[in-house]
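Right, one structure below, let's go through it.
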Amino acid sequence: MNAAVSWSIGIDVGGTYVDVVAVDGAGGYRRQKIPRIDSDPAVSVLAALDDALHAMAIAPAAITQVAHGSTLVTNMLLERRAPSIAVVTNRGFSDLLLIGRQNRADLYTLTPVPQTPKDLFPDALRFEIAGRCDASGTEVEPLDPAALTELANRIAASGAAAVAVCLLHSIRNPAHEMAVGEALAAAKPDLFVSLSHQVDVAPGEYERFLATALDAYVKPSTRHYLDALAAGLLARGLPEPAIVTSDAGLRSPAAVAANPLSLALAGPAAAMSGFHLHGIGRHEEPVTCISVETGGPTTDIGLIEQGSVVSGRKVEIGGLSISLRATDILSVPVGGGSVVQINQAGALRLGPQSMGSLPGPAAYDRGGTLPTLTDALVVLGRLPATLAGGLALDTAAARRVMGDIAETLGCDVVAAATAVVAAAATTIAEGVKAHAYRHGIDPTGVRLIAGGGGGAQHAAEVAELLGSDSVLIPADSGVVSALGCLAAPESEASECALDLALSDAAWPALMKAVQAIAVQADPDTAIAWSLEAVYQGQSAALEFPFHPDRDDAVTLARRFDQVHERIRGHAFARTARLLRLRGQWVTRPAVLQKTVGAETLVTAGESDRIGPVAIFTETTSLWIPAGWFCRQEADGTLEMLHTREPETHRHKLKGAA
């Protein structure tokens, strides 16, 4: 092993595989896709890293950075198997989390299910305390020190490992929340505490309280994982990991442990960094793309609009609507492990139940007995005999479980498998449409970028349903999330709550808030600014760019009107109100700022591959349907194009390279 070369390592852990990529400063690139060996992600990551470094012939002393993305928090919020937490709120408000918003996701349910599952914070673990600040932050009722001590002792004796402190108007005046936090720390130093003013600075008690409660809920397990990972890396002579967060930035383990909810969409965010790296690197002008990454339980759909990854302020996970800054991802329950069902109307449905990696699909021969999308692909011959990492597929087992579906449908096994794959493509396509239209993007004709273990299996069929004729498959698309870990910069962000009319009179107060954030960054560092605003009387804010050095109230109002009209179809002749200011700056540039690596699928410049045909690689597999053709460029990127206008497409393909 040669320790003279410095390497950066990107690691992504999913439900079935741990992906490891390594790059050096001279353009060297290596990658491994290794099956998980344990339900504990830290054990799987460290074991996979050992195997990968041995196979790559990289010495630990040669590694200068480890960047890591994980679905740990996502899975915790989906599965909800962690112990319950305690919640502290103002007297008379302990039921606020259960009441939620009066939104009805299912209009035809006679007895609506509460938005927030009660078992996360049961009655016995919800505590109230007297004391109040008003909407301006003025204290109208002080905390009673004796009552505060008594409350802290009760919580310490409750057995709860974590507590969320959610007091009204704490974003205006956090003094009461801080006092509660100090009392809890004194009563039980090892108690995990989340304070709402540190989790979310925006108005909206329910949204802030829920985000804080979920932050506390995932805190103990996240800290355990980060500590185990950091200790394992240290024991191997490797550096402390940089952790990918939901907004596709890298942060230290300490920063992430203090706010673990920031990892809620870390895995998909890493993938979006990888997609952005590939999609934008091929074009001089800003482009708009839609990404489709299919893994084990879900397909994650993301947007790159005019060269920028689309971010949002609301995350939907497991039926919970969470206030969180994150790449704007829509997940649909279609993945390799998605269970195939037939409902009472006789229609095929995939998910949301997933077989995961253990036991996995029946074809994995690990004890799985339910039919999945992977089993359907095996029956159709669209997967290789052995997946990455030596995972052999059992065709007989796949045919057996798909036979149950065929019998119910009254057809043969191949027809049943074909119907399952078609249903998967349809579900993904409908998700793409919903997500794109929500952001004012017409998906017709927009290029898809496919990744993950199964994205390239379904992308062309999804594109055809959308009316699009182009699919881009990056080199090593099967490890796009691990690549994305190295394409994410280390960054810091700061936010503050506002309540200002968008007018000249409010400008001094806005500039004061700008300065308060700017002093946190290096004076020579460029800061990306954004604002969130609503029209007077609205509650759902929209985010838009802000340039303090050249904007004024008129340009800001015009920009907000344009964003509102594009996304919501109209603009009002009303004054807007500013609710939040955000500044973000890079503290260390991304390791990867251009595409690297290539798996040879077809030789660059070779005659086009015409579908229908399956192509198998070390890290992924893809399907070229009838009516489509593809070829690979010198950088390893594969493009699939529809054959209805082959000469035009050939010209487009060459021009995009």
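Place a point 7 Å from Cα of Asp552 in the direction of its Cβ. Which residues in region 503-538 have their backbone N less than 14 Å from it?
Label zone hits: 503-508.
Only loop residues by DSSP count here, and only those with at most 14 other Cβ atoms within 10 Å; note down the GluC sites (Glu not before Pro) in region 243-339 that meet that.
Sparse-neighbourhood loop GluC sites (Glu not before Pro): Glu284.
Which percent of the accessible heavy-atom area of region 1-81 goes to carbon and sulfur, probe 1.4 angstrom?
50
Which values of log₁₀ I(q)/I(0), to two decimal places, follow from the Debye formula for region 157-230 at q = 0.12, 0.13, 0.16 Å⁻¹ with a uniform point scatterer at every Cα?
Each listed q corresponds, in turn, to -0.33, -0.39, -0.58.
Tell me, what is the FRET efficiency for Ala345 and Ala255 to the nearest 0.05, using R0 = 35 angstrom and their Cβ-Cβ distance as r?
For Ala345 and Ala255, the calculated efficiency is 0.10.
If one takes the longest principal axis of the Cα atoms in the chain, at what angle in degrees, from 0 to 90 and to the nearest 10, does the Cα axis of helix 455-466 lie?
The answer is roughly 80 degrees.
Determine ³J(HN,Hα), in whole Hz, for all residues of region 134-140 in sequence, where each value follows from phi through the Karplus function 6.51 cos²θ - 1.76 cosθ + 1.60 and θ = phi - 60°; x replaces Gly and Pro.
Using θ = phi - 60°, the values come out as 8, 5, 8, x, 7, 6, 10 Hz.
Going by a ≥ b ≥ c, the root eigenvalues of the Cα gyration tensor, does region 105-201 fall in the rounded group (a/c under 1.5), the prolate group (a/b larger than b/c) or the oblate group?
Oblate shape, in that a/c is at least 1.5 and b/c is the bigger or equal ratio.
List the trypsin sites (Lys or Arg not before Pro) within region 200-287 that fall in a DSSP loop (any state other than H, G, I, E or B) and whose Cβ has at most 15 other Cβ atoms within 10 Å.
In loop regions of region 200-287 (DSSP not H, G, I, E or B), the sparsely surrounded trypsin sites (Lys or Arg not before Pro) are Arg236.
Keeping all protein chains in place and using 1.4 angstrom, which order do His169, His570 fall into by accessible surface area, from largest down?
His570, His169
Please give me the summed charge of the neighbours of Ile527: other residues whose Cβ is under 13 Å from its Cβ, Lys and Arg +1, Asp and Glu -1.
-4
Suppose R0 equals 41 Å; then what is the FRET efficiency for Arg588 and Thr386 from their Cβ-Cβ distance, rounded to the nearest 0.05?
So the FRET efficiency works out to roughly 0.55.
Using a probe radius of 1.4 Å on heavy atoms only, what accessible surface per residue do you get for the chain? Whole Å² is fine.
41
For Arg236, put the label point 7 Å out on the Cα→Cβ axis and report which residues of region 17-35 keep their amide N under 17 Å from it.
From region 17-35, the list is 17-24, 30-35.
Restrict the search to region 529-597; then list the chymotrypsin sites (Phe, Trp or Tyr not before Pro) that DSSP places in a loop and that have at most 16 other Cβ atoms within 10 Å of their Cβ.
Here the sparse-neighbourhood loop sites are Phe572.
Describe numerically, in nm with one decimal, the distance between label points set 7 Å from Cα along Cα→Cβ at Asp95 and at Ala157.
Distance between label points: 2.7 nm.
Among rounded, prolate and oblate, which fits region 132-260 when a ≥ b ≥ c are the square roots of the eigenvalues of its C-alpha gyration tensor, a/c under 1.5 means rounded, and a/b larger than b/c means prolate?
Oblate.
What's the carbon and sulfur percent of region 171-268's accessible surface, probe 1.4 angstrom, rounded to a whole number?
58
Taking 0.36 nm per residue of separation and subtracting the Cα-Cα distance, what length does fully extending Ile567 through Ala506 add?
Roughly 19.4 nm would be gained on extension.
Could you work out how far the C-alpha centroid of region 1-61 sits from that of region 350-400, in angstrom?
Here the answer is 26 Å between Cα centres.
Run the numbers for Asp51 and Ala540: contour at 0.36 nm per residue of separation, minus the present Cα-Cα distance, in nm.
Taking Asp51 through Ala540 to full extension adds about 171.2 nm, to one decimal.
Taking R0 as 22 Å, what's the FRET efficiency between Ala422 and Leu358 from their Cβ-Cβ distance, rounded to 0.05?
0.20
Only one of the values [x] 65, 26, 18; [y] 48, 25, 23; [z] 41, 29, 27 was calculated from this structure for semi-axes √(5λ) of the Cα gyration tensor in Å; name its label.
[z]
Relative contact order, percent, of the chain when contacts are C-alpha pairs under 8 Å separated by at least 6 residues?
Computed value for the chain: 12 percent relative contact order.
Give me a comma-separated list of calculated 3J(HN,Hα) values for region 349-360, in order, Karplus coefficients 6.51, -1.76, 1.60 applied at θ = phi - 60°, integers in Hz, x for any Gly or Pro.
Karplus-based 3J(HN,Hα) across region 349-360 equals 9, 10, x, x, 5, 10, 7, x, 9, 10, x, x Hz.
Let me spell out the model: positive unit charges on the Cβ of Lys and Arg, negative unit charges on the Cβ of Asp and Glu, origin at the Cα centre of the chain. What dipole size does that give, in debye rounded to 20?
440
Once you have a ≥ b ≥ c as the square roots of the Cα gyration tensor eigenvalues for region 456-530, tell me rounded if a/c is under 1.5, and otherwise prolate or oblate according to whether a/b is larger than b/c.
Note, shape of region 456-530 comes out oblate.
Given +1 on the Cβ of Lys and Arg, -1 on the Cβ of Asp and Glu, and no further charges, what dipole in debye does region 1-74 carry about its Cα centre, rounded to the nearest 20?
180
Which of Val339, Ser246, Val5 sits closest to the plus end of the dipole of the chain, meaning its Cα is farthest towards the positive end, when Lys and Arg get +1 and Asp and Glu get -1 on the C-beta?
Going by the charge dipole, the pick is Val339.
Kirkwood hydrodynamic radius, region 1-119, all distinct C-alpha pairs: what's the number in Å?
Its Kirkwood hydrodynamic radius stands at 18.1 Å.
For region 406-458 and region 142-220, what is the separation of their C-alpha centers, rounded to whole Å?
Cα centres, region 406-458 to region 142-220: 44 Å.
Give the long-range amide H neighbours of Glu141: residues separated by 5 or more places, or on another chain, with amide H under 5 Å away, using H modelled in the peptide plane at 1.01 Å from N.
Amide H neighbours of Glu141, under 5 Å, 5+ apart: Arg132.
So, taking all protein chains as they sit and a 1.4 Å probe, how much accessible area belongs to Thr74, in Å² rounded to tens?
20
Can you give me the angle between helix 553-568 and the longest principal axis of the chain, using Cα atoms only, in degrees from 0 to 90, rounded to the nearest 10?
50
For a quick check of understanding: with a 1.4 angstrom probe and all protein chains in place, what accessible area in square angstrom does Tyr437 have, to the nearest ten?
We get 130 Å² for Tyr437.
Just to confirm the number: angle between the C-alpha axis of helix 175-187 and the first principal axis of the chain, 0 to 90 degrees, nearest 10?
Value to nearest ten degrees: 80.
Which residues' amide hydrogens lie under 5 Å from the amide hydrogen of Val334, considering only partners 5 or more residues apart or on another chain, with H built in the peptide plane?
Answer set, sorted by chain and number: Thr299.
Show me, for region 210-219, the HN-Hα J-couplings you get by feeding each phi into the Karplus relation (A = 6.51, B = -1.76, C = 1.60, θ = phi - 60°), rounded to Hz, glycine and proline as x.
In residue order, the calculated couplings are 5, 4, 5, 4, 5, 4, 5, 4, 8, 5 Hz.
The values are calculated or read from the model by the stated rules, or taken from the named source; none is laboratory data. Here the structure is a predicted model, which is why all the values come from computation and not from measurement. Backbone-built Cβ (ideal geometry, glycine too); neighbour counts: all protein chains shown. Note: accessible area is taken over every heavy atom of the protein model, side chains too, but ligands, DNA and RNA are not part of it. Shrake-Rupley method; radii C 1.70, N 1.55, O 1.52, S 1.80 Å.
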